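J.: The structure follows.
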Amino acid sequence: MQKYLLFFVFTVLITANLFAEDIKRYGQEITLTEKAKISEILENPANFEGKKVLVEGTVVNVCEKRGCWIELASDKEFETIRVKVKDGEIVFPMEAKGKTALVEGEFYSFNVESEAECGGDCADHKKEGNEEGKKEDCKHEKKEVKTIYQIKGLGAKI
């Protein structure tokens with residue numbers, strides 16, 4: 001009877017291991033225990049600037065060239081945050097897409113300036129002699145400054 005019980009337990013353990021997903025670790029060991037919601041970070045970025053955070057989300061994108069970043073889906077629809085690492089220090093595999101990631105890192109922001117065409121009817125167009133203010137006749141461009149929020153990844157489990 002004990003042989004059968006031992007055989008049964010052994011079989012259950014092997015089967016469980018076969019179906020268990022392997023969690024892979026990247027970079028440093030995760031030290032934080034309290035998770036922050038990505039939506040909360042993006043709603044109040046000043047509260048998190050320069051601080052270590054622990055976030056969890058589904059990997060929706062991975063850097064195809066070097067694996068140097070992943071994008072995590074927020075708990076709010078259509079929101080994501082990028083986790084950037086130093087090139088070669090951590091390499092995220094393409095297979096990470098669709099998997100849940102637990103990431104620890106430092107939250108930071110930076111500004112990007114770009115030139116954007118004026119979007120349509122604009123008072124400046126009329127001043128320049130374009131009576132209708134149409135975009136296609138517009139030579140007027142404006143500088144746009146956008147704030148980008150990212151996490152400098154230190155360690156991850158996927």
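J.: In terms of modelled amide H atoms, which long-range or inter-chain residues lie less than 5 Å from the amide H of LYS24?
T.: The list, which skips near neighbours in sequence, is ILE158.
J.: Could you go through segment 50-56 in sequence order and give the Karplus-derived ³J(HN,Hα) for each residue, using 6.51 cos²θ - 1.76 cosθ + 1.60 with θ = phi - 60°, rounded to whole Hz, and x for Gly and Pro?
T.: Karplus-based 3J(HN,Hα) across segment 50-56 equals x, 9, 6, 10, 10, 10, 9 Hz.
J.: Can you tell me how much longer the chain between ASP87 and ASP75 gets when fully stretched, taken as 0.36 nm per residue apart minus their C-alpha distance, in nm with one decimal?
T.: The ASP87-ASP75 span can extend by a further 1.6 nm.
J.: What does the charge count near CYS63 come to, summing +1 for each Lys or Arg and -1 for each Asp or Glu among other residues with Cβ under 12 Å from its Cβ? If you can, show how the numbers build up before the last one.
T.: Values: positive: LYS65, ARG66, ARG82, LYS84, LYS97; negative: GLU64, GLU71, ASP87.
Counting the neighbours of CYS63, the net charge comes to +2.
J.: Take the cross-link list LYS65/LYS143; LYS51/LYS76; LYS52/LYS152; LYS24/LYS99 and give me the ones stretching past 19 Å between alpha-carbons.
T.: From the list (LYS65/LYS143; LYS51/LYS76; LYS52/LYS152; LYS24/LYS99), the Cα-Cα distance tops 19 Å for LYS65/LYS143; LYS51/LYS76.
J.: What ranking do 70-78, 100-108, 143-151 get when scored by the average of other Cβ atoms within 10 Å per residue, highest first?
T.: Packing proxy ranking, top to bottom: 100-108, 70-78, 143-151.
The numbers here are math on the coordinates, done by the rules we state, and not lab data. Owing to the predicted nature of the structure, the values given are computational and were not obtained by experimental measurement. Virtual Cβ from ideal backbone geometry, glycine too; neighbours counted across all protein chains shown.
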